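The values are calculated or read from the model by the stated rules, or taken from the named source; none is laboratory data. Remember, predicted model here, so these are calculated numbers, not experimental data. No Cβ is skipped: glycine too gets one built from the backbone with ideal geometry, and neighbour counts run over all protein chains shown.
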Amino acid sequence: MNYLAHAYLSFNNPALLVGNMISDFIKGKKQFEYPTPIQKGIKLHRQIDAFTDTHDATRNLKSFFRSQYRLYSGAFADVVYDHFLANDNTVFNNEEALNNFALLSYNTLDGYEYLFPPAFTKLFPYIKMQNWLYNYRYKWGIEKSMAGVVRRAAYLDDSSKAFEIFNENYNSMQDCYAHFFPDIKKFAFNIAGEFLQN
């Protein structure tokens, strides 16, 4: 899952949101340097990723990219999931609801900036200024996100084929999302509930 999904699957809990959003930038035992509520968000992120990677729908979605992008197929699948989440009327019933969620997420994260790891400190202003969480709704936003995957990848130099694959298999990828998202939402909700009770 990508940024929008991790934000949404924090279930409006600020500490879970922060941990969920910074988790990819926290390596190994560094997680234990954070306050316990943030650690729970980091753990939630990692359990979401593990569940996502082993789900049949994700395997199917990654297969569209695998021959061209191999190990990076999962990164493109994550971006695709965010697009369909941003357009899921059962989650965000209109564009305003999605934008309000994005703005609330940025405002919440602003209050925890002192906890950001350096790499996320550099990235977050771009996420907010360019309104990534909202712009996943649009194909042009996905095209930019796929270009970002390539920029951060050591062995890739072109995202145009990924965007072409996305457009050519749009309906099939949407089916993958439809089979996957109810499962990850239920899973993450249960994990988050356990964390917040303990």
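So here's what we get for this one:
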{"read-out": "Positions within the range 49-68 being surrounded by 14 or more Cβ atoms within 10 Å (Cβ to Cβ), farther than 15 Å from residue 142 by Cβ and touching a residue at least 40 places away in the same chain (Cβ under 8 Å), in sequence order", "value": "49, 51, 52, 55, 57, 58, 60, 68"}
{"read-out": "Selection within the range 1-36 - surrounded by fewer than 21 Cβ atoms within 10 Å (Cβ to Cβ) and either hydroxyl-bearing (Ser, Thr, Tyr) or assigned to a helix (DSSP H, G or I) (or both)", "value": "14, 24, 25, 28, 29, 30, 31, 32, 33, 34, 36"}
{"read-out": "Test set (1) farther than 20 Å from residue 144 by Cβ; (2) β-branched (Val, Ile, Thr); (3) touching a residue at least 24 places away in the same chain (Cβ under 8 Å) - residue 79 fails condition number", "value": "(1)"}
{"read-out": "Among (1) surrounded by 13 or more Cβ atoms within 10 Å (Cβ to Cβ); (2) closer than 28 Å to residue 165 by Cα; (3) aliphatic (A, V, I, L, M) - the single one residue 71 does not satisfy", "value": "(1)"}
{"read-out": "Filter result (of a type in the set (A, V, I, L, M, F, W, C) and more than 15 Å from residue 116 (Cβ to Cβ)) within the range 8-49", "value": "9, 11, 16, 32, 44, 48"}
{"read-out": "Test: residue in the range 104-119 that is closer than 22 Å to residue 32 by Cα, among the aromatic types (Phe, Trp, Tyr), out of contact with any Gly (no Cβ under 9 Å at 6 or more places or on another chain) and without any contact (Cβ under 8 Å) to a residue 40 or more places away in the chain", "value": "yes"}
{"read-out": "Residues (in contact (Cβ under 8 Å) with a residue 40 or more places away in the chain and over 21 Å from residue 50 (Cα atoms)) located in the range 156-173", "value": "156, 161, 162, 165, 166, 169, 172"}
{"read-out": "Residue match in the range 37-47 (condition: under 25 Å from residue 154 (Cβ atoms), without any contact (Cβ under 8 Å) to a residue 24 or more places away in the chain and either in contact with a Pro (Cβ under 7 Å, 6 or more places away or on another chain) or among the β-branched types (Val, Ile, Thr) (or both))", "value": "yes"}
{"read-out": "The range 1-55 - residue that is among the small types (Gly, Ala, Ser) and at pLDDT 95 or above and, of those, farthest from residue 130 (Cα to Cα)", "value": "50"}
